[in-house]
Amino acid sequence: MRIPCFFLVAILGAAAIGVTLPIGCSRETREHGAAIQYHCPMHPTIVSDKPGDCPICGMKLVPFAMKMIAFEATPNVASTLPGLAEVSITPVARERMGLTLGTVEQRPLTRDIRTAARIVIDETGLYHVTVKVDGYVEKLFTATTGQYVKQGDPLLSIYSPMLVSAQQEYLNVLNNNAELAAAARKRLALWDVSEEQIERLAKTGQPERTVTLFAPTSGWIIERNIATGHKVASGEQLLVLGDLTRVWADSDIYQSDLPFVKMGMPVELEVSAAPKKIFKGTVSYIAPTLDAETRTVRVRIEVPNSDLILKPEMYGVARLAYDLGVKLAIPESAVMRTGQHVYAFRDAGDGRLVPVEIKLGTHTEGWFELLGGLDAGNRIVTSANFLVDSESSMKAALESLSGK
């Protein structure tokens with residue numbers, strides 16, 4: 001038996017409404033002067049044929065006729081839910097309670113997912129500038145982290161005895177052996193000596209003490225690991241260039257939302273640095289594993305950033321919208337829950353409200369997808385549900401005690 005959780009709420013709400021029909025007592029019984037039963041206001045299972053005190057809490061037992069409510073007596077109608085019964089409410093009582101009805105309907109549903117997003121550098125736009133020979137940094141042409149460089153701009157000049165020796169070898173065979181000259185020229189090119197520098201070497205006939213390294217791509221200097229006079233070794237990373245005209249927004253998605261996240265789906269991104277601007281992006285990566293600590297899945301969003309408003313390490317809000325199509329839906333405010341059941345009160349006509357167990361699907365803003373229990377066009381209670389639920393529970397409990 002389901003003990004009513006809102007017994008006192010129902011009593012106070014009914015007293016405020018001020019209608020005079022008691023539960024468990026029909027008009028005919030009252031008119032013919034049937035014996036009055038007494039009960040405890042705090043423990044409705046305590047029922048007696050005479051006045052007295054409650055053996056549990058010591059409160060005085062009161063007659064059922066003193067509990068005035070806004071619900072008319074109805075025939076004993078079997079409910080689809082244990083612990084609940086059909087109730088009937090007059091139009092005047094509905095107005096005083098603020099009871100309103102909604103409709104189960106077919107409607108387009110969209111699953112909106114909002115999550116925090118962290119702006120990071122697009123890793124595909126990173127370029128590591130390294131040196132292929134040992135040497136020393138003679139001069140830095142770009143000495144500031146965050147500086148923008150274009151492809152072909154000079155980055156630094158390096159002095160390397162190996163490069164000086166290679167230049168001299170090239171000059172020694174340039175006019176004597178075409179095959180050896182071609183090999184020496186290729187060797188210089190593999191050490192990042194530009195074609196322009198090699199042509200100048202062949203024209204002047206003099207090895208250059210330093211060789212200049214040029215930017216292999218356009219971008220911003222993200223990292224700088226050298227200074228003038230720095231000794232460098234072959235393979236050492238000197239600079240990191242990054243393209244910030246396209247960035248990533250990393251978001252964490254809960255596993256319950258994961259079925260609605262698809263590769264290539266559109267995303268809207270907002271940041272506090274540009275409150276009136278919405279950035280458009282697309283999902284480009286969904287992590288194959290779940291984070292054990294946060295219980296979320298990392299989702300990567302590619303976002304164009306031509307105006308450079310989005311800065312790495314900014315935080316924003318990402319909104320992913322998934323179109324579910326046209327579905328049978330019920331208003332969120334109509335849904336009632338217990339530990340084991342989900343239900344709503346259907347308007348059966350003539351003032352009758354019947355508790356009906358329902359099965360829910362996806363939750364959207366203000367609506368649930370309805371998978372079973374009700375049909376399109378059914379009218380359901382969308383406000384004052386808890387008062388109705390309290391009286392339905394109490395009526396079912398009293399009917400159980402009376403054997404109805």
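Some points to look at:
- All positions within the range 78-95 that are surrounded by 17 or more Cβ atoms within 10 Å (Cβ to Cβ) and not in a strand (DSSP E or B): Ser79, Leu81, Gly83, Leu84, Ala85, Glu86, Ala93, Arg94
- Which numbered condition Val133 misses (of (1) closer than 30 Å to Trp248 by Cβ; (2) in a loop (DSSP other than H, G, I, E, B); (3) among the β-branched types (Val, Ile, Thr)): (1)
- Flag for Ser165 being without any contact (Cβ under 8 Å) to a residue 40 or more places away in the chain and exposed (fewer than 13 other Cβ atoms within 10 Å of the Cβ): yes
- Count of the range 323-357 residues, restricted to those that are over 29 Å from Pro91 (Cβ atoms) and either without any contact (Cβ under 8 Å) to a residue 60 or more places away in the chain or not assigned by TED's automatic domain parsing to the domain that holds Leu371 (or both), is 2.
- For Ser383, the requirement of being at pLDDT below 90, out of contact with any Asp or Glu (no Cβ under 8 Å at 6 or more places or on another chain) and either over 30 Å from Arg319 (Cα atoms) or among the polar types (S, T, N, Q) (or both) is not met.
- For the range 348-387, filtering for residues that are on the phi > 0 side of the Ramachandran plot, surrounded by 15 or more Cβ atoms within 10 Å (Cβ to Cβ) and out of contact with any strand residue (DSSP E or B) (no Cβ under 6 Å at 6 or more places or on another chain) leaves 1.
- Hey, Leu155 farther than 27 Å from Leu244 by Cα and surrounded by 12 or more Cβ atoms within 10 Å (Cβ to Cβ) or not: no
The values are calculated or read from the model by the stated rules, or taken from the named source; none is laboratory data. The structure presented is a predicted model; accordingly, all values stated were derived computationally and were not measured. Note that each Cβ is placed from the backbone with ideal geometry, even for glycine, and that neighbours are counted across all protein chains shown.
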